Every structure is written in C-alpha cells, then in structure tokens.
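K.L.:
Take this structure, written in structure tokens, and hold onto it; I'll ask about it next.
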Amino acid sequence: MTRTTNDPAHHRHRQLGDHTWQSDAVCQSTQYNAVDPEIFFPEPDETVKIATAKALCGQCPVRRTCLDAALESSDAYGIRGGLTEEERRPLHEKIAHRLDHSRVNDTIAGRDVHLSKAERRAVVHAAFRHGVSEQRLAWLLKITEEHAQKLYRETRRALRNRDLNQAAKTPAPAEISGERLGRDDFGTAA
Ligand code: SF4
C-alpha cells in the first residue's frame, strides 16, 4: 500500500473522505506509544504543550497530508500538521486562491481530491480543451449534467471573447512594419 510521506516526491493528494492516512499519525496513541491528545489542543500561552505537540508533528510521516486536511476543512481545531490554529489562519485564506496543476491533473484522471475555486475552473478548461464529455465532467466534479453543460457554455464563451480580444489587440501587418497604407496600396481595379 502506498503511504503518504513528508517527502514531496511521494506526496499524493488525499482523496476526499479518505482517512486511512491517520493510521500512520504519530499522535495516535498505541499500547507502545502513549500520547496525551490534550497537548494538541493548547491555549495560546501553553508554550510547553505547543512545543511538545510540534516536536511530534515534526517526526510525523503524514504531516503534509494532515496539514492539507486541516486547511481543506473550515472547522479544524488544535495543532494540525505542525501548525497552531493561529499559524494556519493565513494559509486558509491562501488556499481559496490555490492553483495546483497536479490537483487539476489528478481530478481529470478521476481522483476525487479537494479543489479550490481556481482549480475547479482549471479542471473545466482542461476538460473542455481535451474534449471530455459533459457527462464525464459532471462525474469528475460531482455536479449535475445540466451544470456541466452550463460550465462548458461559459467556457466556450470565455474562450471566444479571449480570441476576439486578442485579435483586436493584434496590429495589422502594415502597422507592424511601421508603414501607413494609402489608397493606392489597395491597388486599383482599372
Ligand atoms: S502532523 Fe501532527 S497532528 Fe497531524 S497527524 Fe501528525 S502528529 Fe498528528
């Protein structure tokens, strides 16, 4: 079984609803390794608890997945992925704008991973460009076919507008060479 580790080369995005990574968590108490769960829920001034919890997170093989899961959830309390709630707060705001192409690719390949709004838009664009059917897009994004059709219509319109804007900005050949065309440049029928 492939395990998620701190090594980015081995990091795979967690499938939504997959909690199997927690069995590798260092903070899980076992009969050989008792861990007081309270240290992961310290008050801001409980510096010893915070330092102890962070030291455990530092050795945890699923730290990155734990942090991802906490950031993807709006109600994650306590120390997660080696960061306190206060330390995670700015990352929560950033995640809404995240555009991670590996998540887009994972989704196109059929994996059910967490997507930011920007990544969902990128999935729709990539699917449209690759001729993915509306039915498949609906399945990939867990939306209705009607919604998928609407997203494709919007994408088609956005791409058409982009092409028109680019065409409008592209100077005519004579303007590129710095010449001005006079009436005679168009030739005469006579
Ligand atoms: S990173 Fe820390 S909080 Fe997360 S699973 Fe590992 S030990 Fe527990």
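K.L.:
Within straight cross-link reach of Lys142, meaning Cα distance under 13 Å, which aspartates and glutamates are found once same-chain residues fewer than 8 apart are removed?
P.N.:
Hits, sequence-local ones excluded: Asp112, Glu134.
K.L.:
Also, quick follow-up: Given labels modelled 7 Å from the Cα in the Cβ direction, how far is it in nm from Asn33 to Ala126?
P.N.:
Result: 3.4 nm between the two label points.
K.L.:
To the nearest 0.05, how large is the calculated FRET efficiency for Ser23 and Thr144 if R₀ is 30 Å and r is the Cβ-Cβ distance?
P.N.:
0.25
K.L.:
Follow-up. If one puts a single equal scatterer on every Cα of the stretch 1-151 and applies the Debye formula without solvent, what log₁₀ I(q)/I(0) results at q = 0.10, 0.13, 0.16 Å⁻¹?
P.N.:
Values returned for q = 0.10, 0.13, 0.16 Å⁻¹ are -0.44, -0.68, -0.91.
K.L.:
Give me the net charge for the shell around Ala76: Cβ to Cβ below 10 angstrom, other residues only, Lys and Arg +1, Asp and Glu -1.
P.N.:
Numbers: positive: Arg80, Arg88; negative: Glu72, Asp75, Glu85.
Value of the local net charge: -1.
K.L.:
Among Ala96, His147, Ala126, pick out the residue whose Cα is farthest towards the positive end of the charge dipole of the stretch 90-151, where Lys and Arg carry +1 and Asp and Glu carry -1 on C-beta, about the Cα centre.
P.N.:
Of the options given, the answer is Ala96.
K.L.:
Suppose R0 equals 30 Å. What FRET efficiency, 1/(1 + (r/R0)^6) with r the Cβ-Cβ distance, do Asp75 and Arg160 give to the nearest 0.05?
P.N.:
0.15
K.L.:
Among all the lysines, which ones have a C-alpha under 16 Å from Lys94's C-alpha, if same-chain residues fewer than 8 places away are not counted?
P.N.:
By straight Cα distance, Lys94 reaches Lys117.
K.L.:
Assuming R0 = 25 Å, what is the FRET efficiency of Ser133 and Asp112, from their Cβ-Cβ distance, to the nearest 0.05? Walk me through the numbers on the way to the answer.
P.N.:
On the way: r = 18 Å, r/R0 = 0.73.
Working from the Cβ atoms, E equals 0.85.
K.L.:
Right, another one. Starting with the highest mean, order 158-168, 21-31 by the number of other Cβ atoms within 10 Å, averaged over the residues of each peptide.
P.N.:
The most tightly packed comes first, giving 21-31, 158-168.
The numbers here are math on the coordinates, done by the rules we state, and not lab data. Note that the structure is a prediction, hence the values are computed from the model and not measured. Ideal geometry is used to build each Cβ from the backbone, glycine not excepted, and the neighbour counts take in all protein chains shown.
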